[in-house]
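Step one of this worksheet: look at the structure below.
What follows is calculated from the coordinates using simple rules that are stated; it is not laboratory data. Quick caveat, the model's predicted, so the values are computed rather than measured. With ideal geometry, Cβ positions are generated from the backbone for all residues, glycine too; neighbour counts draw on all protein chains shown.
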Amino acid sequence: MSIKKILTEPNKILRQISKPVEKVGKYEQNLMDDMLDTMYAADGIGLAAIQIGIPKRIIVMDISWHKAEKKPMYFVNPIIREKDKEKSIYEEGCLSVPNQFAEVERPRNCEVEYINYDGKKELLKAEGLLATCIQHEMDHLEGILFIDYLSKLKKSMIIKKLLKNRPDRIVV
Ligand code: GNR
Ligand code: NI
């Protein structure tokens with residue numbers, strides 16, 4: 001188990017479309033373990049493999065309040081089977097867009113089909129934060145970030161701030 005570096009916007013890798021997983025084996029399970037460690041270490045509630053530079057359709061999540069009682073969730077090759085017509089607005093953040101938050105509107109409920117940690121097919125009815133988070137994570141698999149839903153002005157302001165705050169920025 002190890003903690004990986006999370007890529008941040010702007011980075012072309014985050015815009016890649018992730019590839020389906022053919023089978024959940026030891027490599028994939030080890031990757032999911034590392035992703036979960038990385039997510040907990042960064043205080044996030046979800047993480048897609050592309051955020052650590054691996055373009056595979058794998059997501060880990062834990063939306064439980066008390067992290068003493070961990071409730072990890074694993075999604076491989078997730079597909080949205082149904083989306084609610086009703087929308088809800090949530091203030092979103094992203095580990096790849098550090099310290100920036102904005103309201104995003106998405107379908108309120110959704111039904112997701114996926115493969116779990118043990119390689120078994122599952123169906124999940126998601127609502128509230130769970131539905132928001134799974135949709136946010138599934139966007140990562142398509143190279144989409146929550147800032148893509150904002151106005152051009154808001155988005156460019158956020159990207160400007162990210163560039164300014166880069167830890168590796170050289171100040172002369
Ligand atoms: O940690 C996270 N919090 C969050 C809050 C509201 C909506 C979505 C999220 S996901 C985010 C972690 C992350 O960037 N996952 O890709
Ligand atoms: Ni994110």
message = For region 139-172, give me each residue that is touching a helix residue (DSSP H, G or I) at 6+ places or on another chain (Cβ under 9 Å), outside any helix (DSSP H, G or I) and of a type in the set (Val, Ile, Thr).
response = ILE144
ask   = Name the residues in region 132-160 that are touching a strand residue (DSSP E or B) at 6+ places or on another chain (Cβ under 7 Å) and either among the basic types (Lys, Arg) or more than 15 Å from ligand 2 (Cβ to nearest atom) (or both), would you?
value = LYS154
query = Within region 16-32, is even one residue more than 25 Å from LEU162 (Cα to Cα), among the polar types (S, T, N, Q) and touching a Pro at 6+ places or on another chain (Cβ under 9 Å)?
reply = no
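Given the residues ILE45, ILE59, ILE54, which is the only one that is touching a residue at least 12 places away in the same chain (Cβ under 8 Å), β-branched (Val, Ile, Thr), touching a helix residue (DSSP H, G or I) at 6+ places or on another chain (Cβ under 9 Å) and surrounded by fewer than 18 Cβ atoms within 10 Å (Cβ to Cβ)? So that I can check it myself, show each step before the final result.
Values: ILE45 fails: surrounded by fewer than 18 Cβ atoms within 10 Å (Cβ to Cβ); ILE59 fails: surrounded by fewer than 18 Cβ atoms within 10 Å (Cβ to Cβ).
The unique qualifying residue is ILE54.
Being away from ligand 2 (no atom under 14 Å from the Cβ), within 18 Å of LEU124 (Cα to Cα), without any contact (Cβ under 8 Å) to a residue 40 or more places away in the chain and of a type in the set (D, E, K, R) is true for just one of LYS71, LYS12, LYS26. Which residue is that?
Sole residue among the options that is away from ligand 2 (no atom under 14 Å from the Cβ), within 18 Å of LEU124 (Cα to Cα), without any contact (Cβ under 8 Å) to a residue 40 or more places away in the chain and of a type in the set (D, E, K, R): LYS71.
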Top-ranked residue in region 26-68 [being under 13 Å from SER2 (Cβ atoms) and touching a Leu at 6+ places or on another chain (Cβ under 8 Å); ranked as nearest to ligand 1 (Cβ to nearest atom)] = MET39
request  = Filter region 58-107 for residues that are under 29 Å from LYS154 (Cα atoms) and of a type in the set (D, E, K, R) and give the result.
outcome  = ASP62, LYS83, ASP84, LYS85, GLU86, LYS87, GLU91, GLU92, GLU103, GLU105, ARG106
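Pick from region 12-49 the residues that are of a type in the set (Val, Ile, Thr) and out of contact with any Lys or Arg (no Cβ under 8 Å at 6 or more places or on another chain): which of them is farthest from PHE75 (Cα to Cα)? Before you say what the answer is, go through the steps one by one.
Going residue by residue through region 12-49, those that are of a type in the set (Val, Ile, Thr) are 13, 17, 21, 24, 38, 45.
Applying the additional criterion that residues be out of contact with any Lys or Arg (no Cβ under 8 Å at 6 or more places or on another chain) yields 13, 17, 24, 45.
Values: ILE13: 21, ILE17: 16, VAL24: 11, ILE45: 14 Å.
Result: ILE13.
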message = Need pairs with beta-carbon distance below 7 Å; first residue under 26 Å from ILE54 (Cα atoms) and within region 138-162, second in a loop (DSSP other than H, G, I, E, B) and among the hydroxyl-bearing types (Ser, Thr, Tyr); sequence gap 6+ or separate chains.
response = LEU141/SER18; LEU145/SER96; LEU162/THR8
